[in-house]
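Here's the structure, in structure tokens; my notes come after.
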Amino acid sequence: MGSALTLFLAAHQRAPRLIAEVGTYIGNSAAAMGLGAGTTGQALQLVTCDLHPCTQQPLAGLTLPQGSGAQVVQGSSTQMFQALAAKQAKLDMLHLDGRLMADDLKLLAQLLKDDTLIALDDCEGDKRAT
Ligand SMILES: C[S@@+](CC[C@H](N)C(=O)[O-])C[C@H]1O[C@@H](n2cnc3c(N)ncnc32)[C@H](O)[C@@H]1O
């Protein structure tokens, strides 16, 4: 609940139009970010990925601004970042709830902006806790 509330508030404050997430699973964090971003009234797009079976509709049942939507990539973070980079996308918010892969860093260099909000799950200081 604490993580979901934090993501909701962070997305509300940052008002991202494009959110990417590593680690979809049951979609709690995606829904929290979607709801928070949706409070701003502007359409948002969420792209989220998972290596393993996960929800395909993380924003289902939420009332969001017209034009909002989610895409679930059933695959690796590298695959998701490659697809975003091919579209020359720039992320407003990135949630990392999985482990980055070797090729992700150079792709992220293309996708991040100076003001991209990066949310790290399960961190203590500068280390991943779990
Ligand atoms: C803690 S769970 C995510 C929970 C999810 N955010 C939620 O709120 O329901 C972590 C998930 O990340 C996925 N994962 C870890 N590293 C990944 C990667 N590099 N690419 C894609 N998925 C990854 C795992 O398969 C796992 O399902």
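The values are calculated or read from the model by the stated rules, or taken from the named source; none is laboratory data. Note that the structure is a prediction, hence the values are computed from the model and not measured. Neighbour counts are summed over all protein chains in view; Cβ atoms, including those assigned to glycine, are modelled from backbone coordinates with ideal geometry.
Mind listing whichever residues of region 2-15 are assigned to a helix (DSSP H, G or I) and more than 13 Å from the ligand (Cβ to nearest atom)? Show your work before the answer.
Here is the first cut: in region 2-15, the ones assigned to a helix (DSSP H, G or I) are 2-14.
Of everything in region 2-15, those that are assigned to a helix (DSSP H, G or I) and more than 13 Å from the ligand (Cβ to nearest atom) turn out to be L9, A10, A11, H12, Q13, R14.
Give all pairs with beta carbons closer than 7 Å in which a residue from region 63-74 that is assigned to a loop (DSSP other than H, G, I, E, B) meets a residue that is surrounded by fewer than 18 Cβ atoms within 10 Å (Cβ to Cβ) and modelled with pLDDT of 95 or more; count only pairs at least 6 apart in sequence or on separate chains.
From region 63-74, the pairs are P65/G41; P65/Q42; P65/A43; Q66/A43; G67/A43; S68/A43.
Search region 75-91 for residues being in a helix (DSSP H, G or I) and in contact (Cβ under 8 Å) with a residue 60 or more places away in the chain, and hand back the single one that is nearest to L108 (Cα to Cα). Quick ask: steps written out before the conclusion?
Let us first name the residues in region 75-91 that are in a helix (DSSP H, G or I), namely 77-86.
Then keep just the ones that are in contact (Cβ under 8 Å) with a residue 60 or more places away in the chain; that gives 80-81, 84.
Working: M80: 11, F81: 7, L84: 10 Å.
Ranking the qualifying residues of region 75-91, first place goes to F81.
So in region 16-56, with the set limited to residues that are more than 16 Å from the ligand (Cβ to nearest atom) and without any contact (Cβ under 8 Å) to a residue 60 or more places away in the chain, which one is surrounded by the fewest Cβ atoms within 10 Å (Cβ to Cβ)?
Within region 16-56, the match that is surrounded by the fewest Cβ atoms within 10 Å (Cβ to Cβ) is G41.
If I ask for residues that are in a loop (DSSP other than H, G, I, E, B) and either in contact with a helix residue (DSSP H, G or I) (Cβ under 8 Å, 6 or more places away or on another chain) or touching a residue at least 12 places away in the same chain (Cβ under 8 Å) (or both), which ones from region 103-114 would you list? Working first, answer last.
Taking region 103-114 as the starting set, the residues that turn out to be in a loop (DSSP other than H, G, I, E, B) are 103, 112-114.
Listed by number, the residues that qualify are D103, L112, K113.
In region 57-85, what residues are hydroxyl-bearing (S, T, Y) and away from the ligand (no atom under 13 Å from the Cβ)?
Initially, region 57-85 is screened for residues hydroxyl-bearing (S, T, Y), giving 63, 68, 76-78.
Scanning region 57-85 gives T63, S68.
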